[in-house]
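Below you'll find the structure, written out as structure tokens, and then a few comments.
The values are calculated or read from the model by the stated rules, or taken from the named source; none is laboratory data. Note that the coordinates shown come from a computational prediction; the quantities given were computed from them, not determined experimentally. No Cβ is skipped: glycine too gets one built from the backbone with ideal geometry, and neighbour counts run over all protein chains shown. Note: areas computed on protein heavy atoms with side chains; ligands, DNA, RNA excluded. Shrake-Rupley method; radii C 1.70, N 1.55, O 1.52, S 1.80 Å.
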Amino acid sequence: MISSNFVNQGFLNVSEIEQIIANPEIKIVSFDVFDTLVYRPAVFPKDIFYIVDRELDAEGITDFISYRADAEEKLKKPNASFEDIYKFIEKEYNLPGKTIEAMKSKELEVELSLIKPRLVVKKLYDFALAQGKKVIVISDMYLTKDFIKEILDKNDYKSIESIFVSCEYNKRKDSGELYDEAIKILKAKPSEIVHIGDNHFSDIEVPAKKGIVSLYVPSFMHLAMNCNEFNKIFTYQKFSDDPFARLLMGFVLGDYFSNYGHVIEEKLFKDFDDFTLLGIIPPIFMTVLYILNNKEIQSNYRQIYFASRDGYQIEKVYAKLSGFLGKTKSKYIYAGRKAYEILDSKFRTFNDYYKYIAQKNTKLKLKDFLSIFVSDSSVSNSICSQIAEDENPELSKNTACLKILNKFKQPLDSYFTKAKSNAQRYYRKEFDTAAAGGSNRVIVFDCGYSGSVSYFISKALEIYVDKIYLWSTKDNFARDRELKTKTYTIIQSNVPTNSGLHLIFEELFSPLDGTTLGFDNDLKPVVEKCYFGEEMVNIFSKVDRIVEVQTEKLIKTFGTYLRHIHIHDYDIFTSILNYAITSSRFGERKLLKPIVFPDLNFFSSNNVSLMNKIDKALNEFSSEVLRFTGFNDFSFNYLPAPECNDSPERKIGIHVHCFNQHLMQEIVFLLKDFPYTFDLYVTTPNKASIGAIKIQTGIIKKLNKLSVIEVPNRGRDIAPWLVSTRAVQNNYDYFCHIHAKESKHLPFGENWRKYLYANLLERKAVIDIFSLFESNQDIGCVYPFKYYELTKFEIQHVIRPMGMFGEQDAINRLLEEFGINQRISNSELNYSAGSMYWYRPKAFRQLFEYGFEFEDFPAEPIGVGGTITHAIERLPTFLCTYNNFVNMQYSRYRIYNFEDVVFGKDSSAKPNHYVLKEGVNQHPKNGEFFAKGYLEMYPDVAKTKMDPWHHYVLYGKKEGCDNGMHPLKTQFCAEKYLEMNPDVAKIRMDPWHHYVLYGKKEGRSNGVF
């Protein structure tokens, strides 16, 4: 199976973090505050300022947002305090002190009120206390230590011993100085501290460099946006232009991800709980808040009616919130089409009504028609018992049907007159109370869309029935003009008939009841009797429970601030559900299969599920023949590779070069579930990291032996691999080499790393790889296909895989020194881009037998090419083949198809703009090129800020420009340079490239002067 997603989220779960906290070497557990211990129910932290703004408006203080939103940025003070910010606002806008004090007070009040605990992190806090650890917090924040303590106390974090906050210490986490201050005051060793936070840089990378065990716990928004499917729905930086929509969606996503600790891997909805929380709750809350905060609706109507069935869940939530906020009261009324259509004055007899129904239901049998549309079962049963089966025509045979119905004209007309009267009496009783104010106007909520409820009842009762609809049709607006009624349409886009979204709302907003058929003589509704399957009953029970619980949470979170949430961007609240139904590749529509409401208007059978109805809608409006089928459903099961037994006879070693210690958590995340027993060798140039590495790797279940080795910072990951593991290679049957790769110079560096890790270390990938090894003894090396973004980048920037800095010559010199009388060529070039492999040590034996030492490699930094390190990166697969083994490329996880990159099918892909660092580039067609020399010779190019190499290739060469090399190269002697610099000769680097990249900066002679 090749998946479309990465499994490596790269962070540990609660129990795994608890194992690290429990380590006796750990004395102190440190937490970040915002988005770690606590969170705001908002997409962006500053969204809560809009609540403050509305609160202050009510007190006569306007324009808070314009003063406060960018005050910190304008102040330009790294460790600004809350007081600093408001002193700046007071001075900048010349505001009175009384106004400033009111603004400060209200901002703190709203902050304290809205901030909530992250329950998954609260578990870690409680666990740390139970283990007897000292708990502290470290935060880059403008709020005072005392106010942060008040926030933490309110959210039940009452045993925190020390609070380190940047504005009071005038030192920041992101600079590392605040960590230094904490270590100094606490008199602790860095390796005795675990720090937990949500910011990759200030909470993970910075403390890791100091030797602190740093553990990443993502914010709820990172969890959401780290799901590929969510990324396709929302763009984080442009989530919505509506701050109140962001607040409400922040509540939904924050509650889901922060409190449940969910991590979405592939599907948006794992089960119907997820479907409800992310798909149904947002549109329900959106709709209710629209009605609550629409001043015209709240002012003009004495009561708001919610029509059955799809008004059921909306009314429940509205009643709860309107009671809390003191808004207009609500009532649920029965308004099935069969119950109110008979009010039409054109239906004088039962046969008139029959003709209207027969036009739309020609396939319906006559006896079925009577059972369905005659609400008095005693009448319908009596008549049906007198109609023989061979005299039961379809409604399309109008003459035959009328002939039979005429035999029962008296009881049918008597029933019809009574049914019509009962319906009139029911609706008049309900609406007269609401219209008692004299306006003769009432309002009804219904999902929509054509205005039939209003049309029939308005005409029969001679009142104005206005509507609140999610969507409206042209027919509805025509009826509004005819009847002088009004529709408040919440979502202005068209009815989503092409997605079936309206069908989902109609059924899932409903109770577990049949449709209303009419009213008895006591004006009680006659509801269609239905049998619902056990699974459907359970689903609707869950929906009821979740709606009730989430409504209570909404009130508890926002309180009376709910009255300020006036939403303008309504489409965002249906976007998750719409994507899941129309675009997700994981078949979430299948969750709707158990939901079967008999669709009696189009009676053919009683078993048309909501999934089937959605499929019908999708197929009618889509020309993509495979899009909504199982062929495009990634949730189908695939036969996994058999898991090899964890045999003690199989010796497995793994080498990790950990230059970036903050990435160790990603590696441990994968190794903790490694399927087989193995030994781990970790090399690091950072002595301070050794203690943290030992603690983090302590949670790996199958780890047999750990060796952490300090190495010099030379030769990237290659030198530590070849030098530090050389002596043990022959002890193992299989070995893996990976490294803590960042590639910050590339915009896709993080995803490239995670792609490599997932395809080499993720449990299922490892099982696949070992199945390959053990089923074919000829396989010597397994590595992932080249990452698609890297392929695209190399094509766009004409970067040759063999290298641009003389790597081919260096490779051939190495082969000669290995005693291999062959030369490498492009036709056989294929290696692991990223230098990460599984291999049999015998397949790479020359690399370990040669006897490399650290001194053979240049010290860091070494740039993007031109050294022995870069030459060796291209050698392993060549050696594997030379040693009579087979190379195997394998990728279980990917994002896009390789052919989409090569053949340009990915139309959405945009070129990555990347400026190569100063140095020598070797272009196969245009010779050598020196960026700095080119810019010095042509300052007009420098002004354009265009990559100089690209400028030369596209324009300069055609215009006869110099390549930037001549002023230097004519003044350089390679032989003399090597004679004067024997260390350069030893590392086998091209002398001219060494001079340009390093020698000139280091003040070395050019070999001429």
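Would you mind computing, in nm to one decimal, how far apart the modelled labels at A859 and S647 are, each placed 7 Å from Cα along Cα→Cβ?
4.8 nm
Mean separation of Cα pairs under 8 Å and 6+ residues apart, divided by the residue count of the chain: what relative contact order is that in percent? Walk me through the numbers before you get to the answer.
Details: 1636 pairs, mean separation 111.5, N = 1009.
Dividing the mean separation by the residue count of the chain yields 11 percent.
Using a Förster distance of 30 angstrom, determine the FRET efficiency expected from the C-beta separation of Y531 and S421, and round it to 0.05. Don't skip to the answer; put the middle values down first.
Values: r = 31 Å, r/R0 = 1.04.
The calculated FRET efficiency here is 0.45.
Please identify which residues in region 648-691 have an amide N closer than 12 Å to a label point set 7 Å out from the Cα of N776, following the Cα→Cβ vector.
none
What does the convex hull of the Cα atoms of region 301-442 come to per residue, in Å³, rounded to a whole number? Don't jump to the answer; show the numbers that get you there.
Working: hull volume 17.7 nm³, N = 142.
In region 301-442, the Cα convex hull volume per residue is 124 Å³.
Would you mind classifying region 714-790 by shape? Square roots of the alpha carbon gyration tensor eigenvalues, ordered a ≥ b ≥ c; an a/c under 1.5 is rounded, otherwise it is prolate if a/b is larger than b/c and oblate if not. Intermediate values should be presented prior to the final figure.
On the way: a/c = 2.55, a/b = 1.22, b/c = 2.09.
Verdict is oblate for region 714-790.
Out of the total accessible area of the chain (probe 1.4 Å, heavy atoms of protein only), what percent is carbon and sulfur?
Values: 20830 of 42640 Å².
For the chain, the apolar C and S fraction of the accessible surface comes to 49 percent.
Given H placed 1.01 Å from N in the peptide plane, which residues other than close sequence neighbours of D569 have an amide H under 5 Å from its amide H?
Those lying under 5 Å, H to H, from D569 are A245.
Keeping every protein chain present and rolling a 1.4 Å probe, give me the accessible area per residue for the chain in Å². Each step should come with its number before you reach the end.
Working: 42640 Å² over 1009 residues.
I get 42 Å² per residue for the chain.
Tell me the angle of helix 312-325 to the major Cα principal axis of the chain, expressed in degrees between 0 and 90 and rounded to the nearest ten.
80 degrees
Could you compute Rg(Cα) / (2.2 N^0.38 Å) for region 239-353, with N its residue count? Numbers along the way, then the final one.
Numbers: Rg = 19.3 Å, N = 115, 2.2 N^0.38 = 13.4 Å.
Cα-based Rg divided by the globular estimate yields 1.44.
Nearest-5 percent of antiparallel DSSP beta bridges in the chain? It would help to have the intermediate numbers written out before the result.
On the way: 16 of 72 bridges.
The answer is about 20 percent antiparallel.
What relative contact order, as a whole-number percentage, does region 432-514 give when Cα pairs under 8 Å and 6 or more residues apart are counted? Walk me through the intermediate numbers first.
Working: 113 pairs, mean separation 20.8, N = 83.
Answer for region 432-514 is 25 percent.
Kindly provide the pair-distance distribution of region 363-519 built from C-alpha pairs, with 10 Å bins from 0 and whole-percent values in order of increasing distance.
Answer for region 363-519: a P(r) of 9, 28, 29, 26, 8, 0 percent.
Under a crude label model (7 Å from the Cα following the beta-carbon direction), how far is K189 from M980 in nanometres?
Simple spin-label model gives 4.8 nm for this pair.
Mind listing which GluC sites (Glu not before Pro) in region 89-169 are in a DSSP loop and have 14 or fewer other Cβ atoms within 10 Å? Could you put the intermediate results ahead of the total?
On the way: sites: E90, E92, E101, E107, E109, E111, E150, E161, E168; in loops: E161.
Passing both the DSSP loop test and the Cβ count: E161.
At 7 Å along Cα-to-Cβ for each site, give me the label-to-label distance between R481 and T62 in nm.
With each label point 7 Å from Cα toward Cβ, the separation is 3.8 nm.
If I take the Cα coordinates of region 16-145 and project them onto the principal axes, what are the three extents in Å, biggest first?
The Cα atoms of region 16-145 stretch 56, 28, 22 Å along the principal axes, largest first.
For a label point 7 angstrom out from the Cα of E794 toward its Cβ, which stretches of region 825-841 have the backbone nitrogen within less than 19 Å?
Zone members listed by number: 825-838.
In a shell of Cβ-Cβ distance under 11 Å around N293, excluding N293 itself, what net charge do Lys and Arg (+1) and Asp and Glu (-1) give?
Numbers: positive: R54, K295, K327, R563; negative: E296.
Charge balance near N293 sits at +3.
Averaged over every viewing direction, what's the projected area of the C-alpha convex hull for region 117-180? Give it in nm², one decimal, please.
On the way: hull surface 18.0 nm².
The number I arrive at for region 117-180 is 4.5 nm².
Specify whether the C-alpha gyration tensor of the chain places it in the rounded, prolate or oblate class, a ≥ b ≥ c being the square roots of the eigenvalues: rounded for a/c under 1.5, otherwise prolate if a/b is larger than b/c and oblate if not.
Prolate, since a/c reaches 1.5 and a/b exceeds b/c.
Computed FRET efficiency, Cβ-Cβ of S15 and K705, R0 30 Å: what is it to the nearest 0.05?
Working: r = 24 Å, r/R0 = 0.80.
The computed FRET efficiency comes out at 0.80.
Which value in deg cm²/dmol, rounded to the nearest 500, describes the helix-derived mean residue ellipticity at 222 nm for the chain, given -39,500 (n - 2.57) per DSSP H run of n ≥ 4 and division by the residue count? Please list the in-between numbers first.
Details: 47 runs with 427 residues, N = 1009.
Counting only the DSSP helices, I get -12000 deg cm²/dmol.
Nearest 0.05, what FRET efficiency do E150 and D180 give at R0 = 25 Å with Cβ-Cβ as r?
Working: r = 27 Å, r/R0 = 1.08.
Once rounded, the FRET efficiency stands at 0.40.
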